[in-house]
Structures are given as structure tokens and as C-alpha cells.
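Below is one structure; the comments refer to it alone.
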Amino acid sequence: MALVTDKKESLKIFEKVAADNMSVGIFCTASHWNTEAILIAAQRIAEKYGYDNVPVVVASTFTYQHMPQAKRFLYCQDPVAGIISNLRHLDALTNGKYAPYKNVTVLPHLDHADPFRDHWALTVGSQYFSSVMFDAQCYEYEKNLEMTTDYIKYFGKDVLVEGIIEMLNVENGATARHIDNYCEKAVEYVGKTGIDFLVADLGTEQQTSAVGGAKYNKKRARQLTEALGKKMLVLHGTSSLTEDQTKGLAEDGVIRVNMWTRIAREAGQFAAHNLVNRMDKIDAGDFNSAEANAYINDNISKAADIMFEMMELFGYGNWKG
């Protein structure tokens, strides 16, 4: 397929997702090899179920203080060049006669974009994305509401927008700041801002070092979905959940599931262990053992395996396209 950045086309995909009782994976990336791993996982889903197209959201932060992924694509650490290079990479891999992942529909996403620090990405750069997370969580509720509403006024006609009203937990970083009458505030926030998706605090922890260290708040997810009247929740911190906690998210109204930390960590561990096991050959000067391709390919294969498993848990087997 190709990259989808048109808002109307993106909305149609998510309408189908909601109807098919599945959640779309928002898989973050900070490297070209991790990007390909996402496509490998989605292509495997397509081949397993005989799909012509499989939707997946490929996301990166810009200068997010806890993990500036766009800066990590390239040695020069230029976030603009990083984002653009990754999008061109995605286009080459999914679109055209020679594309190896033709059955994957990519919806590019800008994650955790601060209204001021990431101004370029949210304004000029918005043309490159299907969706953006307008991340005003660190501001007081009224200021958040004002800024998010203003952003959607000027850019909401062209790009899907995720909004957030509560500070989320980040391991060794931010601590969640809870709002009283959360469901009531969420309904007000969605109604006044016009956001397309709500990043909800459902008990998870971002950038966690361990799986199973958080408890997913299913009750809150269902209460929010009922109050909002439609499936529009986004879950962050999925790396902190066990597989059992991750099953059936779509039934709770979670339509987008954001994940990166566990994938990057475990893929890196797998590749590093294999590298250590090659040390004798590396020290002996064996080219294929020493050259970076072996480490990168090990990383890709493990990351793709994890994401394929997660897509199964997200309900991709229900996709009717």
C-alpha cells in the first residue's frame, strides 16, 4: 500500500477498526531498522490472514524530553532530517513496484509533541503525518484546553489529533497528576477541543524497565468510553503490561495502543547476547561476525517477533479491511 496522511482517509480506516473490534498498534521507532521491523510484523499479519492491507501507525517523538526519537535516527541528531528520512524510508518499503511490504498501510504519527518545543513538527511538519499527539499534559487543565482548542482550530482539518488531560507516569521521570471527576472532565475536554482521540491515564507506566509492573484500569477505560459515546481511547505505557492485561483492549474502547520501550529493550538484549556469543570470531577478524549488519538483523528479527505477537493480542485477526 502506501503512507496515508489524508485526514478523511485516516478517519475511514479508524471507523473500520472500531467496527471490527480491534486496536491499531502505534509502534514507535527511533531507527530505520526498527521501522522495517514494524513493517515485517504487519506483513506477517497480512500473510497469515490473507489481507490485502494491514493498518499500522508508525510513530516518533520529536524533541520529547524523556525520549527524543527523531534525534536518534541519524548520527547528526537533526530531528527534522530524522523524521523526513524515516518517512522516505517508509515510502520506499511500502509503495511502488519494488516495495517489499506492499500489504502494509502506514499511518505516520507524531508522538508527544510539546506545543512550544515541537512547534515546527506540529505546524510545518504536520503535512507529513496522519495524526499528532498535541501533548499539553504538563500545563494546567484550562491552559491545556485553550491551547489544544486553538491548535485544532488551525490544523485539525488536515490531521487527526490526540489530546491528553492528565500527566502520565514515566519511569524515573514524570509522576502522574490526577484530575478530580476524570470522566466528566474528559467529556468536557473532548467536546470543547474537538480532538479525535483521547490519551487516557489507564494505570500504565511509560518507559518501564519491567513487564507487569502496572495494573491496567479496565473499569476506567469502559467508563470513559461509555461517557464519550464512542471508541476513541489511546493507551500509552503498554510495555508495562503483561500479555493477559493486553488482551481485549478494543472491547474497552481502546482503539490505538502505543508501544516502544519493551520492544526496543528486548530486541537490543537479544542482539547483544548474540554479539557476545560471536566475540571469539569478532576477535579473530571474521568480517560477518564483526560488521554491524549481524547486530542490526538480530535486533530487527526480535523486534518483529514481539510486534507480531502484540498485533495478535490487539485483535488484528478481526480486521476486515
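Anything over 24 Å Cα to Cα? Flag those among LYS8/LYS320; LYS219/LYS320; LYS71/LYS230; LYS12/LYS157; LYS7/LYS230, in the order listed.
Numbers: LYS8/LYS320 19 Å; LYS219/LYS320 28 Å; LYS71/LYS230 36 Å; LYS12/LYS157 15 Å; LYS7/LYS230 18 Å.
As for pairs spanning more than 24 Å Cα to Cα, those are LYS219/LYS320; LYS71/LYS230.
Could you give the radius of gyration (one decimal) and Dmax (whole number) of the Cα atoms in the stretch 269-315, in Å?
Both quantities, over Cα of the stretch 269-315: 13.8, 47 Å.
Residue farthest toward the positive end of the dipole of the chain, with Cβ of Lys/Arg at +1 and Asp/Glu at -1: which of GLN245, ASN277, ILE13?
Of the options given, the answer is ILE13.
What whole number of Å gives the distance from the Cα centroid of the stretch 39-111 to the Cα centroid of the stretch 139-160?
About 26 Å separates the Cα centre of the stretch 139-160 from the one of the stretch 39-111.
Going by alpha carbons, how many degrees (0 to 90, nearest 10) lie between the helix axis of 218-228 and the longest principal axis of the chain?
50 degrees
For a quick protection proxy, order the peptides 63-75, 268-280 by their average other-Cβ count within 10 Å, most packed first.
Details: 63-75: 18.4, 268-280: 13.9.
Ranked by mean Cβ neighbours within 10 Å, highest first: 63-75, 268-280.
What stretch of the chain, leaving out the sites themselves, is the longest with no GluC sites (Glu not before Pro) in a DSSP loop having at most 12 other Cβ atoms within 10 Å?
Numbers: sites that count: GLU140, GLU291.
It runs 141-290.
Helix 32-49: angle to the longest alpha-carbon principal axis of the chain, degrees 0 to 90, nearest 10?
Tilt of helix 32-49: around 80 degrees.
Mind checking the full-extension length gain between GLU9 and LYS143? Use 0.36 nm per residue of separation minus the Cα-Cα distance, one decimal, nm. Display every interim value, and only then the final one.
Numbers: separation 134, 0.36 × 134 = 48.24 nm, distance 3.11 nm.
Fully extending the segment from GLU9 to LYS143 adds 45.1 nm.
What is the sum of charges around ALA42, taking Lys and Arg as +1, Asp and Glu as -1, for the other residues whose C-beta is under 14 Å from the C-beta of ALA42? Can you show the working numbers first?
On the way: positive: ARG44, LYS48, LYS102; negative: GLU36, GLU47, ASP52, ASP305, GLU309, GLU312.
The answer is -3.
Rank by packing, highest mean first: peptides 230-237, 253-260, with packing defined as the count of other Cβ atoms within 10 Å averaged across residues. All intermediate terms of the calculation are to be shown ahead of the outcome.
Numbers: 230-237: 22.6, 253-260: 25.4.
In descending order of packing, they fall as 253-260, 230-237.
Report the net charge of residues surrounding LYS12, where surrounding means a beta-carbon distance below 14 angstrom and charges are Lys +1, Arg +1, Asp -1, Glu -1.
Surrounding charge for LYS12 is -1.
Once you charge only the Cβ atoms, +1 for Lys and Arg and -1 for Asp and Glu, what is the size of the charge dipole of the chain about its Cα centre, to the nearest 20 debye? All intermediate terms of the calculation are to be shown ahead of the outcome.
Numbers: 33 positive and 41 negative charges, 108 e Å.
Here the chain has a charge dipole of around 520 debye.
The numbers here are math on the coordinates, done by the rules we state, and not lab data. Keep in mind that this is a model prediction, so the values were computed, not measured. Here the Cβ is made from the backbone with ideal geometry for all residues, glycine too, and neighbour counts use every protein chain on show.
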